[in-house]
Amino acid sequence: MLPNRMNLSKTTEEQLKKLKGYTGVSPNVSSRIAFFRSVESGFKYSAETAKKLNGSLVLDKVTWLGDTQLVTELVLKQNYPDLDDKETMAAWAAHVEDGIAALRNHKNLLDFTNNL
């Protein structure tokens with residue numbers, strides 16, 4: 001399903017680090033929130049608009065996904081059944097990028113993360 005080592009685009013990575021500065025929530029945890037927020041919003045990944053995954057924060061999928069690993073992979077498989085491992089990682093990264101924008105723009109970001 002997802003490869004054992006995963007990374008994001010440099011832009012998304014920078015946004016996650018900024019979010020950590022504002023909230024104290026680590027990038028791997030905020031990426032989980034962002035992923036599910038994106039899925040919930042109805043965002044759909046498209047290979048044509050995929051960004052280069054050039055971020056330097058390369059973590060194993062257990063660290064990125066934590067206890068959400070199984071459900072994250074099932075959601076990706078359900079929504080994108082024909083993607084290979086690399087493309088599935090690109091879909092995950094696109095969802096994180098889409099969801100992090102919503103978190104970044106959330107009016108009461110500190111309240112949002114404090115209620116997690």
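Worth a mention:
Table: residues versus (1) of a type outside the set (Ser, Thr, Tyr); (2) modelled with pLDDT of 90 or more; (3) closer than 18 Å to MET1 by Cα; (4) touching a Lys or Arg at 6+ places or on another chain (Cβ under 7 Å).
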position: THR23; (1), (2), (3), (4): no, no, no, no
position: VAL29; (1), (2), (3), (4): yes, yes, no, no
position: ILE33; (1), (2), (3), (4): yes, yes, no, no
position: GLU40; (1), (2), (3), (4): yes, yes, no, no
position: LEU57; (1), (2), (3), (4): yes, no, no, no
position: VAL62; (1), (2), (3), (4): yes, yes, yes, no
position: LEU65; (1), (2), (3), (4): yes, yes, yes, yes
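- Qualifying residue in segment 82-89 (condition: under 25 Å from LYS20 (Cα atoms), in a helix (DSSP H, G or I) and open to solvent by 30 Å² or more (accessible area, probe 1.4 Å)): no
- Some residue of segment 30-51 being surrounded by 17 or more Cβ atoms within 10 Å (Cβ to Cβ) and over 20 Å from THR72 (Cβ atoms): no
Yes or no, residue by residue, for (1) out of contact with any strand residue (DSSP E or B) (no Cβ under 8 Å at 6 or more places or on another chain); (2) aliphatic (A, V, I, L, M):
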{"residue": "LYS51", "(1), (2)": "yes, no"}
{"residue": "TRP64", "(1), (2)": "no, no"}
{"residue": "LEU70", "(1), (2)": "yes, yes"}
{"residue": "LEU83", "(1), (2)": "yes, yes"}
{"residue": "MET89", "(1), (2)": "no, yes"}
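- Selection of segment 9-36 for residues being closer than 16 Å to GLY66 by Cβ and either in contact with a strand residue (DSSP E or B) (Cβ under 7 Å, 6 or more places away or on another chain) or part of a loop (DSSP other than H, G, I, E, B) (or both) yields VAL25, SER26, ASN28.
- Residue count for segment 50-104 under the criterion of being small (Gly, Ala, Ser) and free of Cβ contacts under 8 Å to residues at least 40 places away in the same chain: the result is 1.
- Entry remark, segment 71-88: residues being under 15 Å from LYS44 (Cβ atoms) and touching a Leu at 6+ places or on another chain (Cβ under 8 Å) number 3 in total.
- Residues of segment 37-51 that are in a helix (DSSP H, G or I) and not small (Gly, Ala, Ser): ARG37, VAL39, GLU40, GLU48, THR49.
The values are calculated or read from the model by the stated rules, or taken from the named source; none is laboratory data. All of these numbers come straight from a predicted model, not from anything done at the bench. Positions of Cβ are backbone-derived with ideal geometry, glycine not excepted, and every protein chain shown enters the neighbour counts. Accessible surface areas use protein heavy atoms only, side chains included; no ligands, DNA or RNA. Shrake-Rupley method; radii C 1.70, N 1.55, O 1.52, S 1.80 Å.
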